[in-house]
Structures are given as C-alpha cells and as structure tokens.
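Undergrad: After the structure tokens below, expect a handful of questions from me.
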Amino acid sequence: MSKLKFYFSVIAAKTAAKLLRLLHMNATNFPGQVGLVLCPNLLSYFKMPQTVIAVTGTNGKTTVSNMSADILRKNGFPDIVSNSYGGNVDTGIASVLLTNCRLDGSFNSNSAFFEVDERSAPHIFPFIKPDYIVCTNLQRDSMKRNAHTDFIFNILNSYIPEKSTLILNSDDLISSRLGSDKNKKVFFGLEKLPDEIPSDDSIICDIVNCPICGSALNFSLKHYNHIGRAVCPSCGFTNPKPNFDGVNVDRESHALTVLHDDSKEIYTLPADRITDIYNVLAAVTLTRTVGLSQSQVSSALNQTKIVKSRFDSFKIGSTDVIISLAKGQNPVACSGVCNFIRHENGQKAVIMILEDFYDAKRTSENLAWTYETDFEFLKGDDISQIVVGGKRCYDYLVRLLIAGIDKSKIFCCVNETDTVSLLKPQLFNKLIIIYDLFNVKSLDAIKSQLGSALERN
Amino acid sequence: MNKIIVEILFPEVCNLFGDIGNINYLKKCLPDATFISTPLNGVPFFAQNSVNLIYIGAMTEKTQSDVVKRLSPYKQRLAQLIADGTPFLATGNALEVFGKNISDSSGETINCLGLIGISAKRDLLHRFSGLLLGEFNDSEIVGFRAQFSVAYSVDSDTTPFITVKKGKPMNHDVNYEGVRINNFFGTYLLGPFLVVNPFFTKFFLKLVCGSDVPLAFESEVIHAYNERITDFKRPQVKIK
Ligand SMILES: [Zn+2]
C-alpha cells in the first residue's frame, strides 16, 4: 500500500513540476510538498545513488555546497543530483529527488548532494543516510528560527546516522563534538595566519565553559566569535587535531596552503575573508575525503568564482565601492561584515540596509539581534559616515550611539533608497554598502544613484 | 550619594538574545557606577556586599540548571535582598530560575530557587516568538519574546508586572506578563528591554539610584520607542 502511495506521489510531483515549468512558475518546494502530503514517509522509498553527501551548519553551507558540488562535477560525478537551486528543508530535498528519480525511486546518477538546513535533520536523516556529512560550524543565528546553538546541536546530534563520515570544523568547539565514537571523523582547521589580526573583542562567544567539566576555557586564538583554539585548564578538553590544516594564505596569489598527512597542498582561494577560507577548507576536506586527488581539487578550484550577488566591488570616479551581503538577524554573519569594514583601509562611509523585508511588511522586526552584533567595530575615526535606511532606522541610531559612535556621523532615512542622498562624498574615498538578502531591489535602486552622487568626487 | 553598584550575573552565558544591550545602555546612563560582572564559576558579589541592582539575562536550558546550582547556596541572601527592596531585573527565561520549578516535556522536573511564586512548563518541540505591547505604571511597554516555556503563578503574593494590551500574556489564563515582588522585576521579554522602554527605565533607575536620573540619548531613545509603539499598534501588524 505504502509503495503504491510512493509511485502515486512520484507521478503527482513530476506532473506538478512540469505544470509549474509550463506556467513559468518557480516553486522549488512545491512538488516535494505534494509528495510528502501523499506519502509522508516518502524519503525512505528512494533507492539512493551510491554516494550521498549532505552539508549543514549555521554559516557557509550554501557556498560550501555549491563549491563542493562544482568540484565533484568536474571530477567524475558529472550528473550529481543536488538541491543547489532548491530548498534545503525536507520539502525542497523531496522535490529534487522526486523530479530526478525514475518511477521506481532509483536514479541515473551515481551521486547525490544536499544542502540541509540544520533544523531539518529530524525529517531527513532518519530516511536518507548520507555517506558524508559536512558541518561547517554551529553559531548563533536568527533567534526566531534557531533559538540557540545548544538546541541546534542536540537536534542535529540526535539524528546523525552512524554510517556517516563526518567532516567537521576542529576550530568550532561546538560542532566538532558532533557524532558518536561510531562515526569516522575528518577535521579541518585554520592556524593563526601571519597577517591575521585576531578578533577577540566580539560580543558573542557561544562556548565559554568546558562542555565536559564546566571550567572556563582558555582561548589562545579566536579567528572570530568562538571559532579558534582553546583548552580547558581543569580536564584538558581541547580542539581535535585537524587532518586538513590551513597554515598560510598568500593574498597576492590567492593561494591557501593546507597541511595534510605532513605534506603541503596549495589551493586557490576565490576570496580571502576568514569565513571564505573556512568554506574552501570544508570543500577541500570533503572532496579529498570522498577520494579526489589534490590536483583534481585544485584545478577545479582554479576555475571557481565567488558569486557576485554576495560580494562586489568597483570604482566610481575616485571612490572605491564595495557591496557586501550581511545576513540580517544573523549576528555572527553581520559582525563578520563589521569586522571586515573596520580592517578595510581608506576613509570610509557605510550604507546599511539590514532590515527584514518581510517583517517590515507583516509585523514589526525584533531587533534584539542588533545588540549582539558588533557595531562597536564601526566606531573608528576612519569611518566618516554611517547612513542607515529603513523603517527601523531610529532603532539603529540608538544602537549605534550605544556602540560609541558619534551622533554627527550617523544619518537615518526611512526609505532605503534615500540613503545615497545623505552621503557626503567629500568625507570619504571608500563606500561600503551592506545589505540583507531580501533588500536586493533597494540595493539596485541605490546602485543606480551612485554614479551621479560619486562621480563628481 | 554612595557609589552605585550594579552586579551582572553570569553575562558570559546569560546573554542569549542581546540581553547585554541592557547593561551597555545602563553604563551610558550611569557613567559613574561600578559594574561587576560575576562569571558562572565565580562567587557573587552580592553574597557579602550590598548592591543597588542585580541583572540577569536569557540563557540556554542547560545553563538554567547550572545557574540554579550556582545560586542555590545564596538562596537565603537573595530572599533577604528581595525582601529589603533591592532592585532586580531578570529578562527572558532568567525569570524561571527564581521560580519554584520547571517541568520539562521530557518528564524531568528542575527544582529552581523558589524565591518567586511561579512554575514553568517547558516544551522543546514547541517554541514561540512574538511581540508584546503592554502597560506598566501608566506607560506603555514594548518587547520581544522567544521562548520554549510558559509560566503559571502558583502563589497569591506574586503581583503581575505588565498588563498585556496586544500579544500573548504569560499564560492563557491571565492578562499579564512577568511578575513583580517588591523591586524584583522578571519578564519573558528579552533582549534590550531597558533600551526599548525608556519610561520604565526612568522609573527603574529611580529605584536603583534613589533619585531621578537622566537617560542616555534620551530624545533618540524616546523617538525610537514612539515609532515602535505606532508600528505595534498598526492593525495589520501581527503580534502573535
Ligand atoms: Zn574541562
């Protein structure tokens, strides 16, 4: 009976997907929603490809998924089934499987690759047991969605299959503890880089006490937030030793040196912020562990470009313009962008459009997260102006004042697109625009005004 | 005037949702005060000394148990401070630590300090987030919430803190949020509660300092507060 339901849901989902395509509608989760309604334990009926890989974690999972799938596609996994253009919850994954499978639930491809939302583990891992699971990190995220790292760790850890090889971040003392003794584990990590300015002044540190004995941990290095190296003075608890250890970055040649089994491997870095380096380390560790050689991975990475929507830079007149995504409501990701801004050279101005587009429409945004975001990083004399656009700009004004930023530098406007008119181009030679993912429309309107506003400069 | 002493309990672990914003704001309002941060492994300053304010913010469920354990030896002292009228502010689930117990949906019951007459029911499978508009002392109160638990008043001597006008109250049988005993204020509203409620903060600082204290960035904070209230009152704004 259940098997019949499965066949029926495959046909229904494929029909729904075709119909949507005919209507030119993009509903990535819809076929999966249909399938799961018709057959709730649908995911257990697929005859999964030989190699199944999942990538999860708070930050970086989309980049690591896309980068890793790209490396694999170029090296013997040409027709990998993946959700790179779909949702990362159970309905999104069901959609990808339903639209790609044969009627009996089997696949043409020899491999499948999924980005998995960390909260969806209970709906996915009991049915689909990946051969490899990457966890990029577990950090504080949107309080509405993710509560806190303890909560997410427990959800994820309860559902990790014993057969999965885990690719874990040794510098994250939270996620590096995922899995049981039965799981094979491969760790990636990053040493203190010669030119790195460690960031130990963040508001958030999601692990301060030893998870074994409760004593306060001694951190010897913090790359950012709690990501770094620490040891417990009472019981000796510390980071696992990385199997793939980033030891050097040459920013001129965009090269990352990784120490693995006592030999040095060089990989191209598409971008060199600390989080970009971790993303490459995760992708390298995964693809090397799956069985690719160093030269296969490095030649594939050579051709990888960072997605422009997340980071862009150009020049208008004599002003450098940098546009960076800064996920709103995600204090760790947003603090990372503030840290990046403080270390950029030049006399800077910042435009911030971080409000949640949907919250602004349906409700009133909970801005508690701005009090755990390191806006204090923006109080340097090398920042002349901060222009905040959005309905909640007066809350940002208060937050920036509490951060110690002088009121004369802060400018507010309710319409995001008015921010450009508040710029004083004579005060800066570098403009950094940070925006939330859903404010792309406002960002485009802002970009279109920059020419006339900055060219005179 | 004696030097004002503010003790922040366990800020390294009790700052889950931007609660530390309260302290950073108090530091701007009370530039001459002494702020003492007591870590979870440390001895509370209030144990041997008098303080003008004790603050504690939201924490994980595991940390709640650790905090109960750390504060248990000082139960009598805390009861005395509350009875003497020392101002306390507990935001988010810190309130539950001072209550009688927390019963978890797993069947476990965590005994808490028993200093205030509430009992909490926690269910990690059901979490709710929302906003709240309420009233205290003729001023409107706004706030954010995100919680796994609901609290019930089990003693007749606990007085309500905030009368709810829009949003979910502390539990479905009452129309208030949070509790007050003397100058102990506990509320599930989390994050920068003092920053977003300037009129409560003025009232509270008078309790702490014994006289009126000007707020830091007063006009900006009140402007943001008025904007938020206008927003919360829009009929299309869904406050769960
Ligand atoms: Zn220890």
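The values are calculated or read from the model by the stated rules, or taken from the named source; none is laboratory data. This one's a predicted model, so the numbers in the text were calculated from it and none came from an experiment. We place every Cβ from the backbone using ideal geometry, glycine too, and count neighbours over all the protein chains shown.
Undergrad: What do you reckon, is B:VAL67 under 23 Å from B:ASN22 (Cα atoms) and not in a strand (DSSP E or B)?
TA: On the way: under 23 Å from B:ASN22 (Cα atoms): yes; not in a strand (DSSP E or B): yes.
Yes, satisfied.
Undergrad: Is the stretch A:294-303 home to any residue that is crowded, with 23+ Cβ neighbours inside 10 Å, at pLDDT 95 or above and more than 16 Å from the ligand (Cβ to nearest atom)?
TA: Yes: the stretch A:294-303 contains one or more residues that are crowded, with 23+ Cβ neighbours inside 10 Å, at pLDDT 95 or above and more than 16 Å from the ligand (Cβ to nearest atom).
Undergrad: Residue by residue through the stretch A:175-222, note down the ones that are aliphatic (A, V, I, L, M), assigned to a loop (DSSP other than H, G, I, E, B) and within 15 Å of the ligand (Cβ to nearest atom).
TA: Of the stretch A:175-222, the ones aliphatic (A, V, I, L, M) are A:178, A:186, A:190, A:193, A:197, A:203-204, A:207-208, A:212, A:216-217, A:221.
Now narrow it down to the ones that are assigned to a loop (DSSP other than H, G, I, E, B): A:178, A:193, A:197, A:203-204, A:207-208, A:212, A:217.
Within the stretch A:175-222, A:ILE207, A:VAL208, A:ILE212, A:LEU217 meet the criteria.
Undergrad: Restricted to the stretch B:188-214, and to residues that are free of Cβ contacts under 8 Å to residues at least 40 places away in the same chain and within 27 Å of B:MET59 (Cα to Cα), which residue is nearest to the other protein chains (Cβ to nearest Cβ)?
TA: B:PRO198
Undergrad: Moving to a separate point now. Which of the residues belonging to the stretch B:14-37 are touching a residue at least 24 places away in the same chain (Cβ under 8 Å) and within 21 Å of B:PHE199 (Cα to Cα)? Please lay out each step first, then the result.
TA: Kept after step one, since they are touching a residue at least 24 places away in the same chain (Cβ under 8 Å), are these residues of the stretch B:14-37: B:14-23, B:25-26, B:28-30, B:32-37.
Of everything in the stretch B:14-37, those that are touching a residue at least 24 places away in the same chain (Cβ under 8 Å) and within 21 Å of B:PHE199 (Cα to Cα) turn out to be B:GLY18, B:ASP19, B:ILE20, B:GLY21, B:ASN22, B:ILE23, B:TYR25, B:LEU26, B:LYS28, B:CYS29, B:LEU30, B:ALA33.
Undergrad: Another question, then. Among (1) away from chain B (no Cβ under 12 Å); (2) within 16 Å of the ligand (Cβ to nearest atom); (3) surrounded by fewer than 19 Cβ atoms within 10 Å (Cβ to Cβ), which single condition is A:ARG251 missing?
TA: (2)
Undergrad: Which members of the stretch B:9-22 meet the condition of being in contact with a Leu (Cβ under 9 Å, 6 or more places away or on another chain) and more than 8 Å from every other protein chain (Cβ to nearest Cβ)?
TA: Quick first cut of the stretch B:9-22, residues in contact with a Leu (Cβ under 9 Å, 6 or more places away or on another chain) only: B:9-10, B:12-14, B:16-19, B:21-22.
Within the stretch B:9-22, B:LEU9, B:PHE10, B:CYS14, B:ASN22 qualify.
Undergrad: List pairs: first in the stretch A:211-222 and not assigned by TED's automatic domain parsing to the domain that holds A:ASP150, second hydrophobic (A, V, I, L, M, F, W, C) and near the ligand (Cβ under 8 Å from one of its atoms), Cβ under 6 Å, 6+ apart or cross-chain?
TA: As it stands, the answer is A:ILE212/A:CYS235; A:ILE212/A:PHE237; A:CYS213/A:CYS235; A:SER215/A:CYS232; A:LEU217/A:CYS210; A:LEU217/A:CYS232, since those pairs meet every condition given.
Undergrad: May I ask you to list the residues in the stretch B:208-231 that are within 16 Å of B:LYS166 (Cα to Cα) and touching a Leu at 6+ places or on another chain (Cβ under 6 Å)?
TA: Correct list: empty.
Undergrad: Filter the stretch A:223-237 down to residues that are within 16 Å of the ligand (Cβ to nearest atom) and within 28 Å of A:PHE340 (Cα to Cα), then give me how many there are.
TA: Just the residues of the stretch A:223-237 that are within 16 Å of the ligand (Cβ to nearest atom), to begin with: A:226, A:229-237.
Filter again for within 28 Å of A:PHE340 (Cα to Cα), leaving A:226, A:229-231.
Count: 4.
Undergrad: How many residues are more than 9 Å from chain A (Cβ to nearest Cβ), in contact (Cβ under 8 Å) with a residue 40 or more places away in the chain and surrounded by fewer than 13 Cβ atoms within 10 Å (Cβ to Cβ) if we restrict to the stretch B:215-240?
TA: Residues that pass the stated criteria total 0.
Undergrad: Let me ask something else. Please verify whether the stretch A:155-178 includes one or more residues that are crowded, with 24+ Cβ neighbours inside 10 Å, over 19 Å from A:VAL64 (Cα atoms), touching a helix residue (DSSP H, G or I) at 6+ places or on another chain (Cβ under 9 Å) and not assigned by TED's automatic domain parsing to the domain that holds A:PRO331.
TA: Within the stretch A:155-178 (the criterion being crowded, with 24+ Cβ neighbours inside 10 Å, over 19 Å from A:VAL64 (Cα atoms), touching a helix residue (DSSP H, G or I) at 6+ places or on another chain (Cβ under 9 Å) and not assigned by TED's automatic domain parsing to the domain that holds A:PRO331), the answer is no, since none of the residues qualifies.
Undergrad: What about A:LEU138, is it in the same structural domain as A:VAL52 (by TED's automatic domain parsing), within 16 Å of the ligand (Cβ to nearest atom), assigned to a loop (DSSP other than H, G, I, E, B) and of a type outside the set (Phe, Trp, Tyr)?
TA: Values: in the same structural domain as A:VAL52 (by TED's automatic domain parsing): yes; within 16 Å of the ligand (Cβ to nearest atom): no; assigned to a loop (DSSP other than H, G, I, E, B): yes; of a type outside the set (Phe, Trp, Tyr): yes.
No.
Undergrad: What are the residues in the stretch B:38-59 that are surrounded by fewer than 20 Cβ atoms within 10 Å (Cβ to Cβ) and within 12 Å of another protein chain (Cβ to nearest Cβ), if any?
TA: If the condition is that a residue be surrounded by fewer than 20 Cβ atoms within 10 Å (Cβ to Cβ) and within 12 Å of another protein chain (Cβ to nearest Cβ), then B:PRO39, B:ASN41, B:GLY42 are the ones that fit.
Undergrad: Let me ask something else about it. Report, by residue number, each residue of the stretch A:325-344 that is more than 19 Å from A:SER142 (Cβ to Cβ) and in contact (Cβ under 8 Å) with a residue 60 or more places away in the chain.
TA: We begin by selecting, within the stretch A:325-344, every residue more than 19 Å from A:SER142 (Cβ to Cβ); these are A:339-344.
Correct list: A:ASN339, A:PHE340, A:ILE341, A:HIS343, A:GLU344.
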